[in-house]
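Read the structure below first, then the notes.
The values are calculated or read from the model by the stated rules, or taken from the named source; none is laboratory data. Note that the structure is a prediction, hence the values are computed from the model and not measured. Here the Cβ positions follow ideal geometry from the backbone for every residue, glycine too, while neighbour counts run over all protein chains shown. Ligands, DNA and RNA are stripped out before the accessible areas are found, and what is left, the full protein with its side chains, is counted by its heavy atoms. Shrake-Rupley method; radii C 1.70, N 1.55, O 1.52, S 1.80 Å.
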Amino acid sequence: MTKKVCFKSYCWSIGTTSYRTDKFNMSIELQLALLKEFRTLPENKGKVWTGNTVFQAEYYKFLKNKKFIKGDAPKPDKDAREKTSGLRDIGLLDDERNLTHAGETLLKIAESKNFISDNLLEIPRDSYLYFKQLLKTSNDVDGKKIRPFVIFLYVISKTKYLTYDEFTYLLPLCINKDATNKIIASIISSRNGSSNYEDIILSVLFDMDNYKQALQLLQEKKVTEDLICNVGINRKSAKYDKPYYELYQLLKSIVFLHKNVVLEFYKATKKLTNSKVGSAWRKYFFSSNVRNIISKKGLSILNPVPILKSIDETEFNEEFFKIMHLFKAKSTLSDYFDLNRRYFKITDIVLFEDNQIKLDILPKCYIENIADKLLEFAFESTDLLTQDVNLEEINSCLTIDTNKLYKKLSKLLGREITNKDSAHKIIKEERYNRFHKLIDEKFDKNTLITLFHYFESRNDDEIRTLVTDNADIPTIFEYILGITWYIISNREGDVLDYMNLSLEADLLPKTHAGGGEADIVWKYNKTEWYPKHTLLIEATLADGFNQRRLEMEPVSRHLGEYCLMNPNTEAYCIFITTFLNINVISDFRARRYIEYYNSSGTDYITGMKILPIQTSELKTLLKFDIKYPQIYKMLEKAYHSNEPPKEWYENNIIRETSLYNNQNI
C-alpha cells in the first residue's frame, strides 16, 4: 500500500480568508465596542465562548441587531468565530473573546477620537498600537512559531521594496531563517532577470520532504486516480484532486499519442474544484478560451509549454507535478494577499503604490537601523501579545535610538535633522510631495468630476474602486472635496491638516468608528482678492427632509462656535451637497440676521455667512479651472443679494456658475 503524503504548511498569513471586510479600521473599533457591550449584558456574564456554539450564535444575532452585519449566515456560530478570530490573533481579544489590555487601549483611543501621533515614528496613536501588536503577532506553521510582520520588515529592509508579486507569492514562504535568506537572495537575483517568482515558489516547495516524497511516488508507482490524489497533497481532502487524473490522462495522450483531445482537455480543466486554479491551467495551455476556436484549431491552439515537449514519461511526470503544485500554491498565496495587505496597512508604516510595497520614510530609517537583529525573535512567540507595552519591552533591539534615527534620516534626505521638530517638518514635506503625486496620478480633474457624478447617483462601488474601501462614502466625499478645494486654491494651504481626516500612510482616507463627521477648516491669508479669513466647508450626502433635519443645526452651530472662539477672525461657511433642499437654502440665508449664543447665553454673534452649493455647480467650476479668488468674489456678491431663497440660488449660484460654462470669465 502506497504511503500517504501529508500536507505541511509552506506559508503564513494573518487573519482568516473567511473574513474579508472593507472599512477595516472602523470594523475593528466597532467590534471591540460591541463585544464589550455584549460581554457586559447580565445574561452573558461568566459565559464561556470556547466550544459554546449557542453562545457564539447569540453574538452573531447581537451583531445583526446592531446592524454590524446583514443577511443570515447558514452557520451563525462559525460566522461569529470568523468575525473575531483575527482580533484574537493580533492580541486585541483573548480566547474567550474578552477585550485584552491592548484591546481596551485601542478602544479608548477610538472613543477619544484623538489619533494624533504621540511617538517618535510620527505614526497615529491607533496605528502605533497596531504596529506594536503586529510585532508581537505569531503564526503556527507546521508546529513552529513565525512572526509574519517581523519577517516582512526584515525582508523589505534587505530588498528595499517588494513588488506586488514578491509580496504575494514569495514573502509568505519565509517560514524559517534559511527560507527567508533564500527568498531574499532569490528576489534580488530575479530582479536581474536570472529567475522569476514561479521558479522560486517551486524551489521552495521542492525543498520540502513531502513534495520530494510525492514526486518520487509519481515517478515510481503506476499512475492511478488514487496516486494522483495522493501526490496532490490537498490541504482539505484528497478527493478534491480527482479531476487531476483526467487531466493527466488527456495530456499524456496529447503529448505522446498526438491525439486531438484538446477540447476534452479544456473541459477537464473546468472540473477542477478551485476555479482560480482551473483558470490558470487554461491560460497556461490555451491561446484562446473560445470553444469553437479550440475545436477548429485542435492541437495548434496549445501554447508551446515545456510539458508538451516531454521526451519520456519521467520528464512528463515531473512537469505535470510542477504545473499542478505551482498553480495550487499561487492560488493559495493570492488568497492571502488582500488579508496580509489589510493587516500590514493598519500600522500606517507600509505604502502600497506604483505596484510596489515599501516603508514610509521615518519607519524605514528606524527599521534599517535594527534590521539585522529582527531575525533573533522572528521565529518565536511572546507572552506579551495581549498587553499594551512599550517597544523595548517587546524586544530590546526595538528601542528607538533618536540619534541613529535622525542620522539615518539626514543621510537619506541629504539634509541635517537633529530633533523631533525638524524631523516632523521634513516628514510633512515628504508627505506633500507624495500627496501631489497622488493627485496627479489618481485624482486629476476628470476623475474628480467623475467621482462627483458617482456621489450624485450613489454609485458606491465605483467610488470605492476609484478611491479606497477602507473608508465609508461620506468620509470619501469629504476627502474628495478637500482635494477639489486644494486644486481650486492652487494647491496652497495645509490641506492635509485642514481636512481633519484620518489618512493611511498612502494618504487615502480611513474611517473610524466615530464616522466621517469632521469639517474642512481652510485658512486663507490676505491677498489682493480677499482679506485674511477662515473658510469652513461642511459636506453632506443627505438629501430631502433628512438634509434639513440633519444639517441645518450642526452647520450653523459649527460656524457659530468657531466665530465665538475666534472673535477677531473673519469666517464663513460653504455647505456642499449633491442635492440642495430649498428649506435648507432658506434657513442658511436667514442666518444672516439671527443671533447665535454660546451655551451659557453670555456671549453671542449677530449674523452668519453660510453659502450652499451643489456638486453640479462645483463640477462646472472644476471643469473650467475656476480658482478661489473668482469663487470668493462670486460668493461675496451672492451673500449680499436679497432675493428670495429659490431665486437667490438660481440667479447667484447656478446662473453665475453657468457663465463660466460659456467661458465668460
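Some notes on this structure:
- Protection-proxy order for peptides 27-38, 474-485, each taking the mean of Cβ atoms within 10 Å per residue, highest first: 474-485, 27-38
- Segments 572-579, 373-380, 203-210 sorted - mean Cβ within 10 Å per residue, highest first: 572-579, 373-380, 203-210
- Here is how the number arises for the chain: DSSP H runs of 4 or more residues each give -39500 (n - 2.57), the sum is divided by the residue count, and the result at 222 nm is -16500 deg cm²/dmol.
- Assigned charges on the beta-carbon of Lys, Arg, Asp, Glu; the range 144-235 dipole about Cα centre (debye): 480
- Distance between the modelled labels on His558 and Trp529, one decimal in nanometres: 2.3 nm (7 Å Cα→Cβ projection).
- Per residue, the accessible area of the range 283-362 comes to 41 Å² when a 1.4 Å probe rolls over the protein heavy atoms.
- Angstrom value of the Kirkwood radius, inverse mean 1/r, which spans all Cα pairs in the chain: 28.9
- Gyration tensor (alpha-carbon) shape descriptor, the range 212-342, a/c threshold 1.5: oblate
- A Förster distance of 25 Å, applied to the separation of the beta-carbon atoms of Asn568 and Glu492, puts the FRET efficiency at 0.65.
- The accessible surface of the chain, taken with every protein chain in place and a 1.4 Å probe, is 47 percent carbon and sulfur.
- Peptide ranges 79-88, 302-311 listed from the most packed, as the mean C-beta count within 10 angstrom indicates: 79-88, 302-311
- Global form of the range 333-475, assessed from the alpha-carbon gyration tensor, a/c cut-off 1.5: oblate
- Added length on full extension, which subtracts the Cα-Cα distance from 0.36 nm per residue, Thr314 to Asn289: 6.1 nm
- Extended-chain gain in nm, criterion 0.36 nm per residue less alpha-carbon gap, His453 and Asn181: 93.0 nm
- For the range 25-173: accessible area per residue (Å², 1.4 Å): 41
- Extension gain (nm, one decimal) between Cys397 and Arg191, 0.36 nm per residue minus Cα-Cα: 71.1 nm
- For Lys61, the lysines whose Cα falls under 20 Å of its own Cα, not counting residues fewer than eight places away in the same chain, are Lys36, Lys45, Lys47, Lys70, Lys75, Lys78, Lys83.
- The separation of the range 256-296 from the range 150-170, counted between C-alpha centres, amounts to 34 Å.
- Per residue, the range 412-511 exposes an accessible area of 43 Å² to a 1.4 Å probe, with every protein chain left in place.
- Look at the Cα gyration tensor of the range 124-185: its axes a ≥ b ≥ c give a/c of at least 1.5 with a/b at or below b/c, and that counts as oblate.
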